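Engineer: Take a look at this one; I'll ask things after.
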Amino acid sequence: MAIQDLQSFKLTELSGGIKIISEFIPRIESFCLGFRINIGARDEQRAQSGICHFIEHMLFKGTKKRSARKISEDVESIGGYLNAYTSKESTCYYGRGLANHIDKTFDVIADMVQNPLFKENHIKKESGVVLDELCDIEDNPEELIFDKFEELIFKGNSLAFPIIGNEKTITSFNHEILSNFHKAHYGQKSLLISAAGNVNHEHLVKLTEKYFQSVGKGKSKNRSLVDSVHNADRVVIKKEISQVHSIIGRKSYGYTNPKRLTLNMLSNILGEGSSSRLFQAVRERNGITYQINSFVNSYQDVSAFGVYFSTNEKNSDKAMAIIKKEFEKLRTDSVSNRELKRVKEYMKGSIILGLENTSSRMIRLADNMVNHGRFISVDEVVGRIDAITADMILEIAHEVLDDSTLTQMVLFSKNATLINA
């Protein structure tokens with residue numbers, strides 16, 4: 001199976017440490033341009049939890065030559081779009097637009113990441129916005145439970161910190177704290193510029209050399225690795241909600257481990273898609289949940305793997321029992337050739353369909369460089385998927401679905417009586 005899509009990529013590293021990776025996609029007239037800073041929530045100290053996410057917000061509040069409104073207008077007035085996101089291992093500022101406007105978009109984002117003002121009145125105002133975002137998460141059990149689950153399985157490591165931080169840290173940020181953190185971590189060695197679409201690589205390099213002449217090198221990071229101990233904890237949190245929300249899972253293989261792809265395939269078999277085992281067993285045959293899915297949230301050295309579902313109090317125990325039964329089946333019986341073929345095609349289809357979006361391709365380029373240190377072609381990924389055997393899945397399932405290593409996180413109503421979920 002020859003995939004011709006991600007073959008026109010180029011990579012340049014400048015003397016200061018900035019990397020530029022791009023992929024030219026013919027027959028489209030747009031681009032997606034991302035500035036990825038190699039700093040995220042796991043690189044924070046507990047007393048400054050949430051600072052990466054807060055700085056992401058503040059970079060939109062104005063620079064030495066642009067107000068917050070002008071930042072938006074400069075991009076939107078040429079038909080473009082500007083946004084950002086913070087993860088546990090990186091922060092990314094990105095823009096989309098028409099090919100002939102890439103210079104302006106580059107100029108705006110470069111200005112944002114290098115010249116933030118961090119005015120005290122802006123900080124005070126934005127802390128209210130972020131606190132409101134924190135309240136939204138607290139009010140959304142479908143989102144909150146994943147934060148709580150990772151706090152539990154990564155306990156003792158900074159990977160347990162929630163991206164948004166907490167009320168105490170959010171309200172503690174000031175000009176000095178934000179400026180010092182920005183100066184220390186937004187340097188050339190931390191920056192990766194990634195672009196996909198109707199882009200010219202050599203032109204991107206020239207733009208980088210033009211706009212990044214005096215950026216500091218930034219600090220090198222020594223991230224503490226997550227330990228390999230698995231605790232079969234069960235934590236129950238009472239909330240003002242009507243449904244029971246549950247996750248059962250554990251930590252597992254990260255990006256750097258070749259077994260992660262087999263883990264992904266196991267997750268697909270379990271609960272990704274309406275033909276997956278758990279969707280069929282829990283929702284279709286028993287009709288006791290609307291939401292049920294498996295997940296693999298990956299980081300460089302580790303992943304959070306598990307199954308999430310929500311249901312009413314009456315059916316919570318039954319749903320969990322069915323899930324554990326399916327776990328045991330996968331630990332003891334090999335998947336059939338038919339199921340193996342189905343899940344492989346499903347995974348390959350998901351990857352290739354994602355190539356039709358310039359934003360996805362820009363992120364994929366950056367992910368490859370940050371997590372693997374090189375570009376991994378779609379052909380290579382497809383080949384790895386095809387090479388996975390039923391025995392490989394059985395081996396992984398026997399390890400990661402062992403009930404004695406699984407952690408349970410449960411959110412349920414303050415008025416409910418929960419026994420075993």
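No value in this document is a laboratory result; all are computed from the given coordinates. Source: prediction; values computed, not measured. Positions of Cβ are backbone-derived with ideal geometry, glycine not excepted, and every protein chain shown enters the neighbour counts.
Engineer: If we count every other residue with Cβ under 13 angstrom of ARG250's Cβ, Lys/Arg +1 and Asp/Glu -1, where does the sum land?
Structural biologist: -3
Engineer: Need the full-extension length gain, SER350 to ASP227, defined as separation in residues times 0.36 nm minus the C-alpha distance. One decimal, nm.
Structural biologist: 41.1 nm
Engineer: Apply the Karplus parameterisation 6.51 cos²θ - 1.76 cosθ + 1.60, with θ equal to phi minus 60°, to every residue of the stretch 40-55 and state each ³J(HN,Hα) to the nearest whole Hz, in sequence, with x for glycine and proline.
Structural biologist: Using θ = phi - 60°, the values come out as x, 4, 6, 9, 8, 8, 4, 5, 10, 4, x, 5, 5, 5, 5, 5 Hz.
Engineer: Over the stretch 5-211, what is the mean sequence separation of C-alpha contacts under 8 Å (at least six apart), divided by residue count, expressed as relative contact order in percent?
Structural biologist: So the answer I get is 39 percent.
Engineer: If I fit a long axis through the Cα atoms of helix 120-138 and take the longest principal axis of the Cα atoms of the chain, what angle between them do I get, 0 to 90°, rounded to 10?
Structural biologist: 20
Engineer: For the chain, what is the calculated [θ] at 222 nm in deg cm²/dmol (nearest 500), taking -39500 (n - 2.57) for each run of four or more DSSP H residues and dividing by its residue count?
Structural biologist: -13000 deg cm²/dmol
Engineer: Mean 1/r over all different Cα pairs, inverted: what Kirkwood radius does the stretch 78-148 give, in Å?
Structural biologist: 14.9
Engineer: Further question on the same structure: Can you give me the long-range amide H partners of VAL244? Hydrogens built in the peptide plane at 1.01 Å from N, cutoff under 5 Å, separation of 5 or more residues or another chain.
Structural biologist: THR311, ASN312, GLU313
Engineer: Moving to a separate point now. What list of ³J(HN,Hα) couplings, whole Hz, do you get for the stretch 393-403 from phi and the Karplus terms 6.51, -1.76, 1.60, once you set θ to phi - 60° and write x for glycine and proline?
Structural biologist: 5, 4, 4, 5, 4, 4, 7, 7, 9, 5, 4
Engineer: Right, next: Out of residues 5 or more away from ILE163 or on other chains, whose amide H comes under 5 Å of its own, with H placed 1.01 Å from N in the peptide plane?
Structural biologist: For ILE163, whose amide H was placed from the backbone, there are no distant partners under 5 Å.
Engineer: Can you classify the stretch 234-413 as rounded, prolate or oblate using the Cα gyration tensor, where a ≥ b ≥ c are the square roots of its eigenvalues, rounded means a/c under 1.5, and otherwise it's prolate if a/b beats b/c and oblate if not?
Structural biologist: Note, shape of the stretch 234-413 comes out prolate.
Engineer: So what J values fall out for the stretch 161-171 if you push phi through Karplus, 6.51 cos²θ - 1.76 cosθ + 1.60 with θ = phi - 60°, rounded to Hz, Gly and Pro as x?
Structural biologist: Taking θ as phi minus 60°, the curve returns 5, x, 4, 6, x, 9, 4, 5, 6, 4, 7 Hz for the stretch 161-171.
Engineer: Suppose every Lys and Arg Cβ carries +1 and every Asp and Glu Cβ carries -1, with no other charges. What dipole size does the stretch 5-211 come out with about its Cα centre, to the nearest 20 debye?
Structural biologist: So the dipole magnitude of the stretch 5-211 works out to roughly 820 debye.
Engineer: While we're looking at this one, here's another question. Nearest 0.05, what FRET efficiency do LYS318 and ALA390 give at R0 = 30 Å with Cβ-Cβ as r?
Structural biologist: After rounding, the FRET efficiency stands at 0.55.
Engineer: At what distance in nm do the modelled label points of ASP333 and LYS259 sit from each other, each positioned 7 Å from its Cα along Cα→Cβ?
Structural biologist: Using points 7 Å along Cα→Cβ, the separation is 2.4 nm.
Engineer: Amide H of SER30: which non-local residues (sequence gap of 5 or more, or other chain) have their own amide H closer than 5 Å, using H built in the peptide plane?
Structural biologist: Those qualifying (amide H under 5 Å, at least 5 residues apart or on another chain) are ALA99, ASN198.
Engineer: Please get the size of the charge dipole for the chain, origin at its Cα centre, with Cβ charges of +1 on Lys and Arg and -1 on Asp and Glu, quoted in debye to the nearest 20.
Structural biologist: With only Lys, Arg, Asp and Glu charged at Cβ, the dipole is about 480 debye.
Engineer: Here's something else I'd like to know. If I take every Cα pair under 8 Å that is 6 or more residues apart in the stretch 252-375, average their sequence separation and divide by the length, what percent do I get for the relative contact order?
Structural biologist: Reported as a whole number, the value is 23 percent.
Engineer: Right, something else. Starting from 0 in steps of 20 Å, tell me what percent of the Cα-Cα pairs of the chain lands in each bin.
Structural biologist: Per 20 Å bin, starting at 0, the Cα pair percentages come out as 24, 54, 22, 0.
Engineer: Measure off 7 Å from each Cα along the Cα-to-Cβ vector at LYS65 and ASN286, then give the distance between these two points in nanometres to one decimal.
Structural biologist: Modelled inter-label distance: 6.2 nm.
Engineer: By how many degrees, 0 to 90 and rounded to 10, does the Cα axis of helix 313-332 deviate from the longest principal axis of the chain?
Structural biologist: 90
Engineer: With the Cα gyration tensor of the stretch 23-116 in hand, convert its eigenvalues to equivalent ellipsoid semi-axes via √(5λ) and list them largest first in whole Å.
Structural biologist: Working through the eigenvalues yields semi-axes of 26, 17, 9 Å.
Engineer: Hey, what angle do you get for helix 201-211 against the long axis of the chain, alpha-carbon based, 0 to 90 degrees rounded to 10?
Structural biologist: Helix 201-211 sits roughly 60 degrees off the main axis of the chain.
Engineer: Let me ask something additional. For the chain, calculate the relative contact order in percent as a whole number, restricting contacts to Cα pairs under 8 Å that are 6 or more residues apart. Spell out each step's value before the answer.
Structural biologist: Details: 759 pairs, mean separation 91.1, N = 421.
Once divided by the residue count of the chain, the mean separation gives 22 percent.
Engineer: Ok, one more. Dipole of the chain (Lys/Arg Cβ +1, Asp/Glu Cβ -1, origin at the Cα centre): which of PHE31, SER294, ILE323 lies farthest to the positive side?
Structural biologist: It is PHE31, whose Cα lies furthest towards the positive end.
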